[in-house]
1. At R0 = 30 Å, how high is the FRET efficiency between Leu163 and Lys137 if r is their beta carbon distance? Nearest 0.05 is fine.
2. Ratio of alpha-carbon Rg to the 2.2 N^0.38 Å globular estimate for the stretch 221-362, to two decimals, please.
3. About the Cα centre, and with charges only on the beta carbon of Lys, Arg (+1) and Asp, Glu (-1), how big is the dipole of the chain? Nearest 20 debye, please.
4. Quickly rank 94-107, 283-296, 239-252 as a protection proxy: mean count of other C-beta atoms within 10 Å, highest first.
5. Using packing as a proxy for protection, rank 505-511, 200-206 so that the peptide with the highest average count of other Cβ atoms within 10 Å comes first.
6. With Cα extents along the principal axes in Å in mind, check (i) 92, 59, 54; (ii) 96, 87, 51; (iii) 76, 74, 49 and report the label derived from this structure.
7. Calculate, for the stretch 370-505, the solvent-accessible area per residue in square angstrom, rolling a 1.4 angstrom probe over the heavy atoms of the protein chains.
8. Considering the options Trp319, Thr541, Leu481, tell which one lies farthest towards the positive end of the dipole of the chain, charges being +1 on Lys and Arg and -1 on Asp and Glu at the Cβ, about the Cα centre.
Amino acid sequence: MKNKVLTIWDSDKKLPAGLDNVYLWNGYTEKNTTYSLLDYIDKNSEKLRNKYLAWIHDLGITEIKGKPITEHFAYDEDLSFWWMTLFVEQSPWMTPVIMDVLRLFALEELFIRDKPQTVVLVSSSKEINIVITQLCKSLNIEFKWKKTSLWKPTLIYKKIIKLIPVPMLAFVSISKHILERWGLRKVKKPSWISRTQCISIFSYFIHLNEASCQEGKFSSEQWANLPSFLFENSVSINWVHHYLKSSVVPNVKVAKDYLNRFNGAKENNDAHSFLYSYLTYKLMFRVIIKWSAILLISTRIQRHVKINFTPVNSNLNLWPIMKDVWVNSLRGSSAVVNILWIELFDSAMKDMPYQNRGLYLFESQSWERALINAWRKNKHGELIAVVHSTVRFWDLRYYKDPRIIVSNDKYSMPQPDIVLLNGQVAKDAFLSVSFPKEKMAECEAIRYEYLFKLGIRKENKNKKISVLILGDYTAGGTNNLLSLLDDCSQHIDSNVSFTVKPHPSYPVSIEDYPKLCLSLVTGSLSSIISDYDLAYCSNMTSASVDAYLAGLPVIITLDSHKLNFSPLRNQGNISFVSSTEELLSALRNAIKHKNNRQELNNYFFLDPGLPRWRKILLSNKNDLIKIVNN
């Protein structure tokens with residue numbers, strides 16, 4: 001590079017004129033000698049993602065005083081608490097600092113490639129400054145930090161919170177968590193079904209059909225018609241539910257009422273229970289004892305661990321930005337909740353009679369590993385993980401270094417017998433990180449079977465163009481989506497109308513966007529999607545796939561502070577926008593674009609007869625092994 005100064009711009013302030021060789025920490029705009037760090041990561045995505053996965057694997061087997069970290073955190077005879085931590089969960093939402101680690105990986109590559117004499121960091125982050133300072137020192141690069149001021153009311157709150165001891169915050173958090181669910185203890189435990197033709201399903205008590213609940217019939221969008229399919233084939237279900245608040249189930253009282261209706265229905269051949277119905281004073285005491293032990297271990301080995309936060313063949317020490325993840329995972333609220341799940345699942349699995357087969361929704365969250373451990377510990381049969389939605393490239397929960405998957409060590413990660421993948425896109429995603437083929441099987445994407453029933457939308461001969469806005473589950477994602485549209489509203493033709501469908505987790509006040517003249521719709525996506533000509537979505541929502549497969553042109557906004565999390569990231573004919581100019585251009589092009597119904601099975605496996613599910617769930621154990629191996 002001709003100019004030996006490289007500037008890293010991590011500031012919301014306008015970039016001053018005259019700076020060359022600038023890498024933006026946030027944003028996707030590139031112009032002249034200003035480059036996007038997020039764009040660099042996306043262009044080198046597989047290499048950087050694999051580097052992160054490898055580092056997490058290596059961290060877990062790091063030896064401290066002659067023992068790997070996994071062994072230091074032995075919870076019982078077979079489970080290491082390491083597998084319950086935020087490090088292993090790899091959720092970009094629970095651990096947003098993952099995005100910063102990827103940025104730092106990218107910067108190290110750029111420093112080595114471009115060989116700058118001086119690096120200038122413009123940022124308010126003390127932690128990022130420490131990491132880059134050490135990196136530049138290792139590479140013999142002069143470093144300067146131009147600290148920016150960043151004042152927000154939330155920052156004052158965070159600073160106050162940091163003054164409070166982590167165990168105290170954890171105690172307050174877990175107390176609130178338990179109090180919100182305390183009433184579930186009084187739910188009468190069902191008479192568990194123990195016959196051979198029975199399957200256990202572990203799921204969330206959300207996305208329920210309210211009308212069905214009132215009638216005492218369990219109906220969840222997450223499992224669609226699978227329960228009916230099993231019932232028709234004389235297979236009963238033992239349900240263990242995670243209670244979560246929703247518009248249909250706003251509180252514990254309603255949850256208990258619905259559960260009692262399900263168990264009391266005469267025609268019901270299933271049994272329903274809440275995981276938290278196994279909450280007892282004795283169990284809570286065990287949680288506190290276990291938490292205290294893990295807290296002490298993590299404190300004792302911390303000074304030995306932090307020097308090992310350097311990936312192989314790297315000069316980065318990531319401890320300064322990952323310290324909080326360590327503390328929260330092993331001393332904070334995350335640690336206590338995960339211990340609670342381990343004990344609750346153990347109690348539930350002890351209480352249930354032998355179960356020949358179990359299913360659970362696969363998102364690689366920590367509670368799933370608690371379930372697997374308890375299932376194995378109590379010697380139940382096969383356990384099957386079900387990928388029920390989309391698998392996104394940057395949703396690192398779904399990906400693990402292949403060495404973790406094939407490990408046979410005593411304290412290896414708890415895993416299901418097989419993972420059911422709901423489409424070719426999901427299969428390709430798992431294969432991209434060398435997931436063993438013998439641990440995969442196919443299943444129909446039951447949540448998306450309704451797409452078969454959608455007819456080809458007739459060409460719109462009216463002048464009015466209907467745009468469906470699919471809201472994000474976060475405030476930031478939804479506000480970014482609508483604000484970008486609002487900013488260019490004066491340039492949008494009057495023959496375009498906008499209707500917003502909010503995500504259940506984040507309601508939208510259409511009064512906040514008067515220039516858009518928004519309409520509001522709250523029906524199920526399956527019942528309304530064919531009424532629109534175009535879909536406009538955030539890059540986080542999986543609902544964009546529904547619109548895409550229904551044949552609608554799709555425009556997706558990129559969040560300037562995040563990577564492209566869209567499940568349509570690698571699909572063709574998708575418009576990704578990050579500025580008003582790009583959005584206006586995409587809208588004009590999409591309005592001219594004719595509907596083009598996608599080949600459904602190129603994305604999901606879809607068949608109303610559920611032949612793949614039939615092979616898996618109606619087979620005996622030996623047949624299941626043959627199906628998977630073939």
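1. Approximately 0.45, to the nearest 0.05.
2. 1.45
3. It works out to roughly 1200 debye.
4. The densest-packed peptide leads the list: 94-107, 239-252, 283-296.
5. 200-206, 505-511
6. Checked against the structure: label (iii).
7. It amounts to 41 Å² per residue over the stretch 370-505.
8. Among Trp319, Thr541, Leu481, the one farthest towards the positive end of the dipole of the chain is Trp319.
The values are calculated or read from the model by the stated rules, or taken from the named source; none is laboratory data. Note that the structure is a prediction, hence the values are computed from the model and not measured. Don't worry about glycine lacking a Cβ; one is built from the backbone with ideal geometry, like all the others, and counts go over all protein chains shown. With ligands, DNA and RNA removed, areas are computed over all heavy atoms of the protein, side chains included. Shrake-Rupley method; radii C 1.70, N 1.55, O 1.52, S 1.80 Å.
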